[in-house]
Amino acid sequence: MAARWLRIGWLALLGWLMVTGTAAAAEPIRLWHAYDSEGEQKALTEILETFEGPQVITLGLPFDAYASKLAPAISLGDGPDLYIDMHERLGDYQRRGIVGPVGDALPGHGFSPTVLSAVTVDGEVLGVPLSRKSVALYVNTDLVDTVPPTLEGIAALREQLPEGVYPLAYEAMNPYAHAPILHAFSGTMLTDNADFGLVGPQAEASLQFVLALIEQGAVPADADGALVKDLFRSGQAAFAISGPWLAGSLGDLDYRVVPLPKVAKTGQPMRPYLTVEAVMLSPDGAKRPEVRALARHLASARAARIRQRQARTLTARDDVVVGDDPFLQAFAAQAEQTVPMPTAPAMRATWEPARHAVRKVLRGQSEPGPALREAHRRFVDVMRPPPDPADPWPAFALLGALSLWGAFVLVQRVRSQQLGRRLRASMPAYAYVAHAVLAVGIIVILPLLVGAATSLFAGPAGEMRYVGLANFVEILTARGGPLLASGSFYLVLLVTIVWTLINVTFHLGLGLSIGLLLAQPLLRMRAIYRVLLIIPWAVPNYVTALAWKGMFHRQFGAVTGIIEALNEHLGTSIEPISWFAQFSTAFTANVATNVWLGFPFMMVVTIGALTGVPKDVLEAAEVDGANRWQRLWRVTLPMIRPSLMPAITLGAIWTFNMFNVVFLVSGGDPDGTTDILVSEAYRWAFTREAQYGYAAAYAVLIFVLLLGGTRLLELWKTSWARAGRGDP
Amino acid sequence: MSIRRNRLESFLIHAALVVAVCFALYPVLWVVSLALSGTPAPEPRAIPIPQEPTLDHFVSVVGSTEETPDGTLWLFGLQLFNSVVVASATALAGILIAIPTAYALARFNFVGKQTGIRSLLATQMFPTVASAIPLYLILDALGLLNSRTGLVLCYASTSVPFAIFQLRAAFEAIPLDLEEAAMVDGATRFEAFRKVVLPVARPAIAVTALFAFMSAYNEFILAATFLDDRTTFTLPVLLQKFIGEYNAQWEKFAAGAIVVSLPVMALFYWLQRHLVAGLASGGVKG
């Protein structure tokens, strides 16, 4: 009997163990990706259907938000167990500690040494390769039959092609797209010891070469990815250099893909960068066998075949046959002629200075030599080591002394009878504001204080060290360079102040004039005008900022369209303007956009303020013989000034910090000169090696400047008001 | 003043206003024409007329769905719902916190009032670039990351100070006599506030709520950073997907932008009568 109970107990225990055991194993696996094409998503779904293991929760993120989101999410434990990303980010991810070793997730065979070396950092394999991506040559088969073997041969087709058709479209000003030509000239973007490579005779020769192509009219000068797509799709370009992603938007165009040609001048093939898309494991995910099993499954030959069929993705495996798809065959052939993108974190810091230099040279504003040396200097500037750690004790001592003194003053004041009485009298008011103080304290003041405190730290995210005021010292001394060099704090400040003054002047001028016109008595259709004029305020500003940027495109923008229409109908001969090539025109484009966005606010404020002007005062002035201008300048404007002043102050603060317009319209072009302080701070935080401390120091300086500025304005206002009272 | 001169003047005013309207509408018409165009060849055009007109882009943006184990999700509808919920909650939270505070600032004298006003104005000067990362950590500590609630808290952090300024100016513009009369009639201070001041301030409150709604509805940088589930994304994040690094689909972006803008524009025009009245009551006094 007892034995039987014992056995039942034993079985129950065993059952319980099994239940909890399977429960632990059933914890779902979180997988993140940035796939945006339907084919890639379908392929992923199909691959996951064949996975035998716990439930997999997938999340697709916008490409732009992907990297900035992964790092904080994983370090806080909210991130995925595994994620699909490009191999060149591995160096950075390793430094941030958000990627773990793949262990047994890597199948024992099936990958070439090139592919494996791409996902290896410091001798450790950190990703399981899935697919290979590079650009190749798209050929419009309606326009050309035979593909010339050299780039020069393609450029020479200019004579045979119909009028208005470019031989080749590619993003000439993007260093990523320039890299194949650079490699054909034996140049490199990043040297072996992680220094800036786009400098020296080879780099200069490669840029001279492209400049000649543009001057011959063989290549459009100012093409971005969307324009390359549109030109090729509409038959306005016979060839295009682009990646597999282009195929999805070509519709029923007759085209084929071949590997990139040679550059006859050097006799070397154009070798693009190779990106290996890989599954990476978070440090926690790497410890779970079922997560590693999923990574192995995603990288299996079977999954590669599904991806190949659904999304035409070129596998990273060398044991999966590409089959008879000529599209894949071309990319497979190209993959043999590539340079794997370096994984060193320094690689990311090359793009921004390189882009500025390439643009300057191709727009003919600078010789290659000086432009590239300047880019090298900027690269060194961004990669400079963080300041030495400082001793935090002086700061602690200062903080302690300050809080002691504060407490002392507070106690003194509370003990004085008067304050006690006033405090008691304030009690009813506190009942109204208590919850707001709490809410504002937590959601507004606290993040602000933490943000401000960050300015005393430096170093890459995750290993920031206290450096005292070193960030401020570096900013205010322009990091040792000349104080008014491009990109220095003082020059950017100057641009920001000019930007704010011009914008506020235009906002006020336009808003006030239109407001006064709309307030005219006997004006018909007033309501319709007002409704239409408010539109710029009602549409989300990032949408319209992007629309304005498109309108300013040199070759295809609406502004060029207007200029051409003028030339045609009025017989003028105005040249289309490269808006973002010079500071003056790029700044004008930004101002035009921001004036457009901001004038309706001032207009509405003016209309509101005008309703407060009593009619009898104006009538009295008229009876006294004042003419219309006198009434406007002497009566109306002084009367609405008090209502306009706060709106002007607020408008000035908004304009000073107007990130969206500067970032989306000119993007700092040319060469970062149109950047204002806020966009400069953004670049330090998000594009230049994530120097959060440095960016925070910029933010603190902006804060101090605005605080000082508004204080000055207030003083000026009071003295103005005082002087105004003496005015007859 | 002769009749002829009057005519000329009226003509000039209308001409100036028509020029201003063209300036205001031109970029918007470009967005509309892009959204309605098929896949035209790029060439500079002065007049925004859709080429190869089609509604395909609208259909594909609005109809975006996703297959899940539980059936097909209508992503667009879900994200529209999220946007509206988040923006409404932001407006509501902003108003509820701001109304009593603004009233106290307008009507009472208390210790710390000036300091409070100053620091509130000062918070508007610190760029969000630097406070976004601390906000992320705080939301994580509260367990509110990846939730609509967390996003509402973020947006409220900018909408609350602004709402307080707006409403304080509005309350200050209301004559004190109104409340005093009510209190003479036996109402308490709070009753006078609730039954006399609030109804008078309604236009200003509506406009303030509209601003809070618009700023939350249009924001996409924080939304893309703090949310990590397609079912909690807001609409601007969806738009961002159309202009990715490699594969920018400007026609879809334009179509999406129009669909996203329509609700907020409708709201804007519904309240635009109050806009003037709300801002007239003292302006945005800082």
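What follows is calculated from the coordinates using simple rules that are stated; it is not laboratory data. Not measured: the values here are computed from a predicted model. Note: ideal-geometry Cβ built from the backbone for every residue, glycine included; neighbour counts use all protein chains shown.
How are the Cα pair distances of region A:448-560 distributed, in percent, across 10 Å bins from 0? Per 10 Å bin, starting at zero, the Cα-Cα P(r) for region A:448-560 comes out as 10, 19, 26, 22, 15, 7, 1 percent. So what is the calculated 222 nm ellipticity per residue for chain B, using -39500 (n - 2.57) for each DSSP H run with n of 4 or more, over all residues, to the nearest 500 deg cm²/dmol? -23500 deg cm²/dmol, from helical runs alone. A simple spin-label model places the labels of residue B:147 and residue A:150 6.7 nm from each other, with each point 7 Å out along Cα-to-Cβ. The aspartates and glutamates whose alpha-carbon is closer than 13 Å to the alpha-carbon of residue B:195, local same-chain residues fewer than 8 away aside, are B:179, B:180, B:185.
What list of whole percents do you get for P(r) of region B:18-140, with Cα-Cα distances grouped in 10 Å bins up to the one holding the largest distance? The calculated distribution, bin by bin, is 9, 17, 22, 24, 19, 8, 1. Consider all pairwise Cα distances in the protein assembly as shown and report the whole-number % of them above 55 Å. Everything past 55 Å amounts to 21 percent. Along its first, second and third principal axes, ordered by size, chain B spans 73, 72, 34 Å in Cα coordinates. Oblate is the label for region A:293-346, because the ratio a/c of its alpha-carbon gyration tensor axes (a ≥ b ≥ c) is 1.5 or higher and a/b is not greater than b/c.
Computed from label points 7 Å out along Cα-Cβ, the spacing between residue A:322 and residue A:351 is 2.7 nm. Taking K and R as +1 and D and E as -1, what net charge do the other residues with C-beta under 11 Å from the C-beta of residue A:466 add up to? Here the count lands on -1. Over all Cα atoms in region A:371-440, the spread is summed up by Rg and Dmax: 24.7, 71 Å.
Placing +1 on the Cβ of every Lys and Arg and -1 on the Cβ of every Asp and Glu, with no other charges, gives region A:56-133 a dipole of roughly 180 debye about its Cα centre.
Start at zero, step by 5 Å, and the Cα-Cα distances of region A:553-684 spread as 2, 9, 13, 13, 11, 11, 10, 10, 10, 7, 4, 1, 0 percent across the bins. Residues A:133, A:229 in ascending order of nearby Cβ atoms (within 10 Å, fewest first): A:133, A:229.
Pairs from the list A:360/B:241; A:262/A:360; A:42/A:133; A:262/B:252; A:615/B:113; A:717/B:113 with a Cα-Cα gap above 28 Å: A:360/B:241; A:262/B:252; A:615/B:113. Considering only A:289, A:623, B:74, the residue lying farthest towards the positive end of the dipole of the protein assembly as shown is A:623, judged by Cα position with unit charges set on Cβ.
Would you mind counting up the charge near residue A:534? Only other residues with Cβ under 13 Å from its Cβ, with Lys and Arg at +1 and Asp and Glu at -1.
+3
For region A:342-474, the alpha-carbon coordinates run over 75, 35, 29 Å along the three principal axes, in decreasing order.
For region A:552-631, report the translational diffusion coefficient in µm²/s to the nearest whole number, using Stokes-Einstein at 37 °C, 0.692 mPa s, and a Kirkwood Rh over Cα pairs. Walk me through the intermediate numbers first.
Details: Rh = 16.7 Å.
D, rounded to a whole number, is 196 µm²/s.
Under a model in which nothing but the beta-carbon of Lys, Arg (+1) and Asp, Glu (-1) is charged, the protein assembly as shown shows a dipole of about 3720 debye around its Cα centre. Here is how the number arises for chain A: DSSP H runs of 4 or more residues each give -39500 (n - 2.57), the sum is divided by the residue count, and the result at 222 nm is -17500 deg cm²/dmol.
Using the Cα coordinates of region A:56-153, the gyration tensor eigenvalues translate into equivalent-ellipsoid semi-axes of 34, 19, 13 Å, sorted from longest to shortest. Short-range pairs are left out: with C-alpha atoms under 8 Å and at least six residues apart, the relative contact order of chain B is 27 percent. Compactness ratio for region A:200-284: Cα radius of gyration over 2.2 N^0.38 Å (N = residue count) comes to 1.40.
Taking other Cβ atoms within 10 Å as a rough exposure proxy, B:110, B:233 sort from fewest to most as B:110, B:233.
When the Cα convex hull of region A:84-126 is projected onto planes of every orientation, the mean area is 3.2 nm².
Of the three principal axes defined by the Cα atoms of region A:251-404, the extents in descending order read 78, 56, 30 Å. Counting neighbouring Cβ atoms within 10 Å and putting the fewest first, the residues A:658, B:214 line up as B:214, A:658.
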